[in-house]
1. If I filter segment A:405-456 down to residues being more than 18 Å from A:Pro370 (Cα to Cα) and of a type in the set (Asp, Glu), which single residue comes out as surrounded by the most Cβ atoms within 10 Å (Cβ to Cβ)?
2. Could you tell me whether B:Val125 is within 11 Å of chain A (Cβ to nearest Cβ) and within 30 Å of A:Met291 (Cα to Cα)?
3. Does segment A:267-277 contain any residue that is part of a helix (DSSP H, G or I) and hydroxyl-bearing (Ser, Thr, Tyr)?
4. Out of all the residues in segment B:17-70, which are under 21 Å from B:Ile118 (Cβ atoms) and among the hydroxyl-bearing types (Ser, Thr, Tyr)?
5. Can you pull out the residues in segment A:154-173 that are within 25 Å of A:Ile359 (Cβ to Cβ) and either assigned to a loop (DSSP other than H, G, I, E, B) or touching a residue at least 60 places away in the same chain (Cβ under 8 Å) (or both)?
6. What are the residue pairs meeting all of these: first residue in segment A:307-325, first residue closer than 23 Å to A:Ser381 by Cα, second residue basic (Lys, Arg), Cβ atoms under 7 Å, and 6 or more apart or on different chains?
7. Would you say A:Ser287 is among the polar types (S, T, N, Q) and more than 19 Å from the chain's Cα centre (by Cα)?
8. I want to confirm something. Restricting to segment A:164-180 and keeping residues that are closer than 21 Å to B:Thr151 by Cβ and surrounded by 19 or more Cβ atoms within 10 Å (Cβ to Cβ), which single residue is nearest to the other protein chains (Cβ to nearest Cβ)?
Amino acid sequence: MIKDHYSRSGFVQSTPTMRVVTDSQIEEIHYAALDILSHIGMKLENETARELLYSNGAYVDGSLVRLPVKMVETALRTAPSSFILYTRDGEPYIHVEGYNANYGCNPDNPLYRDPYTGEMRKPTSLDAANMGKLIDYLPHIDFINTCNFAFDVPEDIADRVNIRQYMFNMRKPICFSCKDSKALEDIIDMGAIAAGGRDKLKSHPYMFHIEEPISPLTHDEVAIDCVMTCSKNEVPLVYFPMTMAGATAPATLAGLLAQSHAEILFGLVIHQYTNPGAPFVYGAIPSIMDMQTTKFCYGAPEMWLCASAIADIAHYFKLPIWGTAGPTDAKEIDQQCVAELSYGILMAGLSGANLIHDIGLMDSANTYCPEIYVLSDELASMAKVITRGINITEENLALPQIEQALSSGSFICEEHTFKHFREIWRPQFFDRTTSSKKDGDIFEKLNAKVRDVFENYQPAEFDPDKKKAILELEKKWMH
Amino acid sequence: MVCDQLVEAVRNGRVKEVKELTQSAIDQGIAPNVIIDEGLVKGMGVVGELFGKGEMFVPEVMMASKAMNAGMELIKPLIKAGDITNKGTCVFATVKGDLHDIGKKLVVLMLEGASFRIIDLGVDVKPQVIVDAVKKENASIVGLSAMLTTTMSVMKEVCDMLRENGLDGVKVMIGGAPVSHDYAAKIGANYAKDATEAVELANRLVKN
């Protein structure tokens with residue numbers, strides 16, 4: 001007799017997760033941040049924002065602003081806990097919410113390792129086109145974060161030129177920096193062309209923007225202009241401090257987190273009081289200054305630890321999360337590089353940060369090389385196996401198969417194995433051959449993949465009318 | 001000998017001890033310039049060497065500098081202003097439109113520790129203000145910092161303005177995330193990639 005109903009009440013299926021701070025630790029950090037905001041105050045170098053805050057109950061003294069707790073709590077209440085990022089072609093793609101982890105990378109930092117010559121050189125907007133294709137291709141990288149370096153065009157417009165290259169060569173959502181709020185408006189117009197109008201872009205965001213305070217405790221005019229412009233236009237905004245323990249934040253991590261949390265909340269208050277309910281993403285790059293080299297370090301265990309704490313805090317307040325993984329301080333794809341990438345990628349995934357950025361940069365984010373994105377994609381795919389956890393179902397417990405093994409001694413020929421073996425992870429690049437049969441150097445394999453994608457991969461064509469409209473629009477700023 | 005003890009106290013960043021030893025040296029009738037050369041500045045020299053070798057770290061350098069300055073404050077009233085020698089006067093600023101200054105702060109502190117006299121104009125500084133300060137302070141070096149690609153162009157404006165004001169002899173050093181050797185060469189300035197290099201660069205610039 002076959003019983004075909006499986007019932008287990010009260011059973012809890014879970015996936016691996018990592019907590020680095022408890023609720024009570026988060027509350028202490030939060031109360032410390034409220035002290036910073038309401039008692040110490042912060043410098044706000046934007047008059048419009050000061051007036052907005054003053055008229056809503058903030059205490060303003062020159063450029064020093066103190067926020068009463070009620071304003072912070074109001075902003076935390078109105079900030080949405082989730083939103084969807086869409087592709088260029090209007091499909092829902094990233095659900096920015098909860099513990100849903102997605103990895104993104106920077107396709108255009110100051111120095112580029114040319115995959116054809118090995119030269120470290122300045123990137124151009126042509127490189128941006130190739131990187132767009134590569135990211136479109138890689139299955140485990142879900143968005144880009146453009147820093148706008150393109151040395152073949154004037155600095156003033158490199159932001160919009162690179163974004164156009166990504167729009168033309170890649171379907172995935174674009175996170176961007178830009179020169180100022182005027183450029184931001186241009187970029188919103190570009191996004192609106194893709195989405196089918198500014199209203200459509202609001203309801204189907206395809207692009208999102210990043211701005212930063214200047215730690216410690218300073219918020220500058222241009223950044224806050226952009227914060228308010230994003231809010232009004234409901235372009236999702238990430239406002240994240242990049243702190244260095246011992247230099248721009250306390251040398252002790254609790255203080256660094258309290259300060260970072262306060263700086264983010266300050267931006268959140270301005271953002272939410274501009275347009276309550278506009279999408280806001282909480283995050284930070286909480287790292288250290290190396291006290292010998294004076295460098296900001298990405299490959300620091302404190303950075304990964306604090307980035308996980310930042311994710312824990314954001315989960316507590318149910319805010320969408322900007323995470324950080326990779327980059328590395330290594331100067332090439334070597335042992336240091338892979339160690340730092342691995343720690344960062346896995347920890348960010350386990351912490352459930354929603355938009356995990358900076359994947360794959362080297363030399364403390366000065367240099368990017370295409371091979372590192374391919375490698376990071378492999379590492380991200382491994383991390384996803386781990387965060388998927390172990391699914392307990394009757395099928396997966398496989399008791400009938402175990403029973404047959406008593407006589408057969410093996411599972412290899414089982415239909416169950418045939419049905420499920422593809423769920424087991426396989427490397428694209430890492431070597432599992434026996435040592436006598438080494439299948440080529442891993443870097444060579446990564447490089448070959450990069451060249452193959454650059455030369456042969458065709459991303460889905462962008463709507464030709466929309467392409468034309470973008471080129472028409474950009475006559476405004478192209479000389 | 002009290003000067004040797006002073007060197008040790010400066011090297012270890014012991015502010016209170018440096019004050020006590022400096023006062024003791026003064027009371028013993030040791031000449032101020034000897035206290036400075038054989039005690040305070042010598043101590044900072046040891047610090048500089050150890051930092052260069054990676055055996056001391058930035059916060060320790062800062063504390064040593066604080067200790068040395070505490071000693072200097074006791075000596076200053078005893079000598080004429082002109083007798084305190086420094087390697088040169090530098091005017092430092094983060095350029096107009098930019099508020100980032102941690103790198104500049106670090107360079108300023110390290111240069112002060114290396115016996116330069118620094119006028120730090122702060123952040124978001126207009127080129128004219130920099131040029132006026134150079135003239136007023138008779139500075140031999142200008143240090144400029146920028147963090148953004150959108151503000152680094154102001155560095156060129158400063159270089160041009162110095163030349164227009166007949167201040168060709170003033171050396172310009174620049175730093176910050178978006179700048180580079182190439183950019184410095186383009187605008188007629190000198191580049192240092194971090195605070196340690198900045199001190200070496202400043203030392204070279206005043207020698208020439």
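1. Here the residue is A:Glu414.
2. Details: within 11 Å of chain A (Cβ to nearest Cβ): no; within 30 Å of A:Met291 (Cα to Cα): yes.
It is false that B:Val125 is within 11 Å of chain A (Cβ to nearest Cβ) and within 30 Å of A:Met291 (Cα to Cα).
3. Keep residues of segment A:267-277 that are part of a helix (DSSP H, G or I), which gives A:267-274.
Okay, now just the ones that are also hydroxyl-bearing (Ser, Thr, Tyr), so A:273-274.
Yes, segment A:267-277 has at least one match.
4. Selection gives B:Ser65 alone.
5. Matches in segment A:154-173: A:Arg160, A:Val161, A:Arg164, A:Met167, A:Phe168, A:Asn169, A:Met170, A:Arg171, A:Lys172, A:Pro173.
6. A:Asp312/A:Arg19
7. Details: among the polar types (S, T, N, Q): yes; more than 19 Å from the chain's Cα centre (by Cα): no.
Here the answer is no, as A:Ser287 does not meet what is asked.
8. Of the residues in segment A:164-180, the ones closer than 21 Å to B:Thr151 by Cβ are A:176-180.
Cutting the leftovers down to surrounded by 19 or more Cβ atoms within 10 Å (Cβ to Cβ) gives us A:176-179.
Numbers: A:Phe176: 14, A:Ser177: 10, A:Cys178: 9, A:Lys179: 5 Å.
Within segment A:164-180, the match that is nearest to the other protein chains (Cβ to nearest Cβ) is A:Lys179.
The values are calculated or read from the model by the stated rules, or taken from the named source; none is laboratory data. Quick caveat, the model's predicted, so the values are computed rather than measured. Methodologically, a virtual Cβ is constructed for each residue, glycine included, from the backbone with ideal geometry; neighbour enumeration extends over all protein chains shown.
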